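A.B. asks: I am attaching a structure below and will ask some questions about it afterwards.
The values are calculated or read from the model by the stated rules, or taken from the named source; none is laboratory data. From a predicted model like this one, the values you see are computed outputs, not experimental measurements. No Cβ is skipped: glycine too gets one built from the backbone with ideal geometry, and neighbour counts run over all protein chains shown. Keep in mind that these areas ignore ligands, DNA and RNA; they rest on the heavy atoms of the full protein, side chains included. Shrake-Rupley method; radii C 1.70, N 1.55, O 1.52, S 1.80 Å.
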Amino acid sequence: MKQLFQKTPLWFLLIWIVGFMMIVFNMFQSNSGNINLLALLMINVANAIRVWKTERSLAITFLVVAALCLAYIFKYFYRYV
């Protein structure tokens with residue numbers, strides 16, 4: 001466990017904790033999937049930044065998933081405009 005926390009940057013752990021708290025809060029308080037998509041967008045972008053130097057193809061995959069989440073959020077919020 002100590003090695004896992006030494007390899008993972010502190011900023012990534014903080015973003016992951018905030019994203020996880022958003023998902024858990026949404027599970028008990030609201031039925032909106034947009035909060036979950038926003039949390040997944042944050043976690044995917046943070047993970048892409050974290051692994052960019054070592055595994056670039058995986059980072060690009062994370063960024064594509066984040067772009068799909070963002071496109072869905074925009075589609076949901078601007079469907080009546």
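A.B. asks: Along the positive direction of the dipole of the chain (beta-carbon charges: Lys, Arg +1; Asp, Glu -1; about the Cα centre), which of Val64, Trp52, Gly19 reaches farthest?
C.D. replies: Trp52
A.B. asks: Of the heavy-atom accessible surface of the chain (probe 1.4 angstrom), what whole percent is carbon and sulfur?
C.D. replies: Whole-percent figure for carbon plus sulfur exposure: 71.
A.B. asks: Under 14 Å from the 7 Å Cα→Cβ point of Tyr72, by amide nitrogen: which residues of region 30-61?
C.D. replies: Within reach of a label on Tyr72: 32-44.
A.B. asks: To continue, here is another question. Which is the longest part of the chain that has none of the chymotrypsin sites (Phe, Trp or Tyr not before Pro) sitting in a DSSP loop with at most 12 other Cβ atoms within 10 Å?
C.D. replies: The segment 1-77 is the longest one with no such site.
A.B. asks: Let me ask something additional. Starting from the Kirkwood Rh over alpha-carbon pairs, what translational D in µm² s⁻¹ does region 35-81 have by Stokes-Einstein at 4 °C and 1.567 mPa s?
C.D. replies: 117 µm²/s
A.B. asks: A follow-up question, please. Quick check: with the 1.4 Å probe, what order do Ile15, Ile49, Ile60, Ile73 take by accessible area, largest first?
C.D. replies: Of Ile15, Ile49, Ile60, Ile73, the descending order of accessible area is Ile49, Ile60, Ile15, Ile73.
A.B. asks: If you don't mind, another one. If you split all Cα-Cα distances of the chain into 5 Å bins from zero, what percentages do you get per bin, shortest first?
C.D. replies: Spelled out per bin, shortest first, that is 3, 15, 19, 21, 20, 12, 7, 3, 1, 0, 0.
A.B. asks: Taking the chain as a Gaussian network, Cα atoms linked when under 10 Å apart, which of Leu70, Leu38, Leu14 shows the biggest mean-square fluctuation?
C.D. replies: Checking each option, the largest mean-square fluctuation is seen for Leu14.
A.B. asks: Tell me, what is the percent relative contact order of the chain, built from C-alpha pairs under 8 Å that lie six or more residues apart?
C.D. replies: 26 percent
A.B. asks: What are the trypsin sites (Lys or Arg not before Pro) within the chain that DSSP puts in a loop, where the Cβ has at most 12 other Cβ atoms within 10 Å? Show your work: numbers first, answer last.
C.D. replies: Numbers: sites: Lys2, Lys7, Arg50, Lys53, Arg56, Lys75, Arg79; in loops: Lys53, Arg79.
Counting only loop positions with at most 12 other Cβ atoms within 10 Å, the trypsin sites (Lys or Arg not before Pro) in the chain are Lys53, Arg79.
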